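A short worksheet on the structure shown next.
Quick note: the coordinates plus some simple rules give every number you see, no bench work behind them. Here the structure is a predicted model, which is why all the values come from computation and not from measurement. Cβ placement follows ideal geometry from the backbone for every residue including glycine, while neighbour counts extend to all protein chains displayed.
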Amino acid sequence: MTNKRIAYICADSGIPVYGNKGASIHVQAITRAYLRAGHRVTLFASRYDGPTPPGLEHIRTVPLPAPPKGSTLERAEAALAARAETQRLLAAHGPYDLFYERYSLWSDAGMTYAAATHTPGILEANAPLIEEQRTHRELVLPEQAAAIAANNFALAKSIIAVSPGVAAYLAQWPHQHIATIANGVDPAPFAAARESATRHDDHIHIGFLGTLKPWHGLPLLVDSFARVHAAEPRARLHIIGDGPGRADLEQDLAARGLSACATLHGAIAASDVPAHLAALDIATAPYPQQENFYFSPLKIYEYLAAGLPVVTTRVGHLHEVVHHGEDGLLVPPDDPAAFAQALLELARDPARRSRMGQNGQTRVAREHSWDAVAQQILALADA
């Protein structure tokens with residue numbers, strides 16, 4: 001595989017590529033993996049935010065037009081109009097051997113320019129964006145959104161689906177090739193943090209990492225933790241992250257008398273995640289039942305890399321991510337009693353926690369490193 005000049009395009013203004021959101025971490029991690037493999041990367045993004053993350057100090061960055069403040073419609077119209085300028089910038093800073101674009105609702109500039117210049121174009125699809133926008137936000141200009149999606153999917157040499165759920169959605173559209181490649185993790189900092197961690201109490205530290213949004217199942221976690229704490233007073237809950245559900249979460253904990261044994265850490269820098277996870281004993285991902293589960297949860301790969309047993313729900317393809325009885329426990333969704341029982345089993349069995357943690361750490365390093373993800377992507381470009 002020869003060294004490539006890669007244009008990485010993220011035109012989604014909702015993703016601060018130098019931020020701490022899961023999507024931000026994904027962009028940073030894939031970029032680092034390309035760099036480690038000896039490739040040159042130019043990052044085209046409409047929003048950066050924050051200081052340059054470690055390992056990305058020497059890449060070339062090109063700001064894309066950012067939509068103005070205003071209504072959802074005004075922002076969508078501005079993003080559609082910006083596609084021509086994005087293509088102009090791609091031409092001005094090229095040539096490139098590969099165009100790698102994160103699918104966004106209002107841009108097909110990368111795949112359009114790749115096709116026009118007869119250059120491989122790989123599209124990364126992380127969600128069924130039209131349906132997601134319609135369900136959770138406000139979908140304006142639905143016909144234009146569908147046209148952008150259709151053009152992106154048809155022009156891409158290959159589309160990366162981050163989960164089977166996304167792949168099933170993509171299969172409904174005309175396309176050339178779909179490859180399911182899950183998210184990954186950089187195992188080294190998590191393993192190092194776990195190795196150097198020291199404990200100063202005999203509490204059982206149970207944690208959640210992520211944005212506090214409805215589809216992450218925080219009410220179930222609080223309900224389950226209340227049951228665990230009643231049976232095992234040493235239990236402590238850690239919520240690492242922030243979001244619109246924080247106020248409700250605080251009220252729920254207070255109403256149950258759990259505020260003193262729960263810590264809400266708020267949003268943290270990505271570089272601080274390994275140390276926070278190293279302080280835990282058990283990690284959770286309490287997803288509720290969802291008709292079309294399409295997530296490829298970064299948090300679970302990070303939990304596994306941190307050597308933590310994972311308690312999650314049997315939703316979508318999560319049985320492929322967490323191997324029940326080997327590196328975690330899977331329970332029925334929306335069942336706080338079952339979730340609590342799984343937590344209690346692990347809380348009372350440190351040897352089992354240790355064994356599961358080691359199993360997960362070994363597997364994720366072998367199968368789900370970002371370097372392995374990047375290698376699979378680049379092989380598709382060369383196919």
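Here is how the numbers come out for the structure above:
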quantity	calculated
Rounded to 5, percent antiparallel among DSSP beta bridges of the chain	5 percent
Convex hull volume per residue in cubic angstrom - Cα atoms of region 187-367	106 Å³
Whole-angstrom gap from region 149-224 to region 8-74, using each part's C-alpha centre	18 Å
Coarse-grained scattering of the chain at q = 0.09 Å⁻¹, given as base-10 log I(q)/I(0) from a Debye sum over alpha-carbon atoms	-0.53
Degrees separating the helix 72-81 axis from the principal Cα axis of the chain, which is the longest one	40 degrees
Reachable aspartates and glutamates, given that their alpha-carbon falls under 20 Å from the alpha-carbon of residue 4 and they are not under 8 places away in the same chain	57, 97, 101, 124, 371, 382
Residue-averaged [θ]222 nm for the chain, counting only DSSP H segments that reach four residues, each worth -39500 (n - 2.57)	-13000 deg cm²/dmol
Inter-label distance, nm, simple model (7 Å from Cα along the C-beta direction), residue 116/residue 351	6.6 nm
Anchor residue 213: lysines whose Cα lies under 30 Å away (excluding residues fewer than 8 positions away in-chain)	21, 69, 299
Loop-located GluC sites (Glu not before Pro) in region 206-303 whose Cβ has at most 11 other Cβ within 10 Å (DSSP)	291
Net charge of neighbours whose Cβ lies under 9 Å from the Cβ of residue 107, counting Lys and Arg as +1 and Asp and Glu as -1	-2
Once exposed loop trypsin sites (Lys or Arg not before Pro) are cut out (DSSP; at most 10 other Cβ, 10 Å), longest piece of the chain	200-383
Summed side-chain charge close to residue 325 - residues other than residue 325 whose Cβ falls under 12 Å, Lys, Arg +1, Asp, Glu -1	-1
Rounded Å value of the spacing that divides the Cα centres of region 307-383 and region 242-265	26 Å
327, 202, 49 arranged by Cβ crowding within 10 Å, fewest neighbours leading	202, 49, 327
Residue order, fewest to most surrounding Cβ atoms within 10 angstrom, among 6, 268	268, 6
Burial ordering of 311, 27, 140, fewest other beta-carbon atoms within 10 Å first	140, 27, 311
Cβ-defined net charge surrounding residue 156, 14 Å radius [Lys, Arg +1; Asp, Glu -1]	-1
